[in-house]
Amino acid sequence: MIGYVLAIDLLAIGVVAASFVGVDIASGDWIRFGVLAVGSAIHIEAGREIERLRRSAAEGTPYVNLKGMWTFAGVLVLPPPLAVAIIALSFLHSWYRLRRIAPHRTVFSTSTVVLAAAAAAVCLYAINPGSDLRYAGGLVGLIAVVAAATAYWFVNYALVIGALLLSNPDSTARKVLGRLSDQFIVAGALGLGIATAALLMDQPWLTVTLLITVLGLHRSLLVGQFQFAARTDPQTGLTNTVFWHEIATKELERAQHDHTSLGVLYLDLDHFKAINDTYGHPAGDQVLKAIAAELKREIRTDDLVGRLGGEEFAILLPKTSEDETAQAAERIRRRVAALSITVTTNSGSTTVDGLTCSIGAATYPAAGDRLDVLLLAADTATYAAKNAGRNRVVTAPISNG
């Protein structure tokens, strides 16, 4: 596996070095580069919440997205060095904003796309040879870009599948290959890349309208396809218990594979029934929503908070040690205790404060090596916090099993 990854990375470095040979970059190239870079950045920022959850759910299978719209457009209209720069910027931005996975995985993914772009450039030059590797109109241009898109897809897909097979030898072929519907997303991204390239060459200002269209499709089609709404708690906007457990399962598998730790927090609001009885259930829902927002502000990008039901929440903390898990729980407890929430009741607005919570903390592998054992340990610790007087954090003991 290490040899395979290093070979792909070194080959990509060779391609990058070769891309600078005999290349002249004009002022118009820099303008097109800037448009693609800005469009890619806006696209990633606008859809990062959706993509972060999709990436977690896709662990162990090919992760597909619409970044190809910008990277493939760069292959079609930019000199090779600038096309490589668009690829690098896109993956660096995604790594920083979506999910901070191990750097070598991001480097490998970037390398596969660089090699895919090189294969696409070879197709463009072979079918429509000229002084440079640019998009050309007409029937020959259409044939060239279709061949280039096919080569781009195949090389990237084949290299990723090779890595998945080597890193997960026990995985089924069906899981490694992914879903056919995912490949339609890739095809759509490449088609949008061709449209973006055409606009950049002839009507660059119209690229703005294409970006708006893509953002709308991204937030509607992908949310529907991956059942984002069905996996989200409608009252708080957090993930619901089903999806939270699904992601927790995948994160535990990753922790076991990478030999890293993982923390789980169970949070239960103290005396929450009194808020509903005093101010009404609509006010209680407003309190839950405000607490959910505070929990999202407190956690890191890689963490995941979900609502288990009622006034109970669960927080997943990947790559977090036992001490760090306890410290995170204590920060959350203090944050909840400091809240002052304005709610609307039948008699007008009022302020709800004095909130407290009881938190149970459990960490893999100290508290258990299976998800059900880990969750039971966190749940039991929460009850211990309740019984000890509430408004406190209790850490699950080290498992004997």
For segment 96-117 and segment 265-335, compute the distance between their C-alpha centroids and round to whole Å.
-> 33 Å
Please give the per residue accessible area of the chain, computed with a probe of 1.4 Å over protein heavy atoms only, in Å².
-> 47 Å²
Toward the positive end of the charge dipole of the chain, about the Cα centre and with charges on Cβ (Lys, Arg +1; Asp, Glu -1), which of Tyr96, Ile299, Pro318 goes farthest?
-> Tyr96
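Carbon and sulfur atoms: what percent of the 1.4 Å accessible area of the chain do they account for?
Values: 11770 of 18970 Å².
Answer for the chain: carbon and sulfur cover 62 percent of the accessible area.
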Straight-line reach check, Lys67, cutoff 20 Å on alpha carbons, 8 or more apart in-chain or any other chain, hits among lysines -> none
With a 10 Å radius around each residue's Cβ, average the other Cβ atoms per peptide and rank 75-86, 257-268, highest first.
-> 75-86, 257-268
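Under a 1.4 angstrom probe, counting protein chains only, how are Ile398, Ile247 ranked by accessible area, largest first? Write down the numbers at each step before the final one.
Numbers: Ile398 120, Ile247 5 Å².
The ranking, largest first, comes out as Ile398, Ile247.
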Name the residue farthest towards the positive end of the dipole of the chain from the options Ser19, Thr236, Ala384, assuming +1 on Cβ of Lys and Arg, -1 on Cβ of Asp and Glu, about the Cα centre.
-> Ser19
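Would you kindly calculate the mean projected area, averaged across all directions, of the convex hull enclosing the Cα atoms of the chain, in square nanometres?
Values: hull surface 90.9 nm².
Quarter of the Cα hull surface area: 22.7 nm².
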Relative to the longest principal Cα axis of the chain, at what angle does helix 48-57 sit, 0 to 90 degrees, rounded to 10?
-> 80 degrees
Once Lys and Arg are counted +1 and Asp and Glu -1 for all other residues with Cβ under 13 Å from that of Thr380, the total becomes -2
Thr213 versus Lys296: modelled label distance in nm, points set 7 Å from Cα along the beta carbon direction = 3.0 nm
Say we join alpha carbon atoms closer than 10 Å with springs in a Gaussian network model of the chain; which of Ile291, Ile161, Ile25 then has the biggest fluctuation?
-> Ile25
Straight-distance crosslink candidates among lysines, where the alpha carbon sits under 29 Å from Lys386 and sequence neighbours closer than 8 are dropped | Lys273, Lys289, Lys296, Lys319
Under a 1.4 Å probe, counting only protein heavy atoms, Arg52 has an accessible area in Å², nearest 10, of 40 Å²
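The values are calculated or read from the model by the stated rules, or taken from the named source; none is laboratory data. The model shown is predicted, which means the values in this text are computed figures rather than measured ones. Neighbour counts run over all protein chains shown; Cβ positions are idealised from the backbone, glycine included. Heads up: the accessible areas ignore ligands, DNA and RNA and are worked out on the full protein's heavy atoms, side chains in. Shrake-Rupley method; radii C 1.70, N 1.55, O 1.52, S 1.80 Å.
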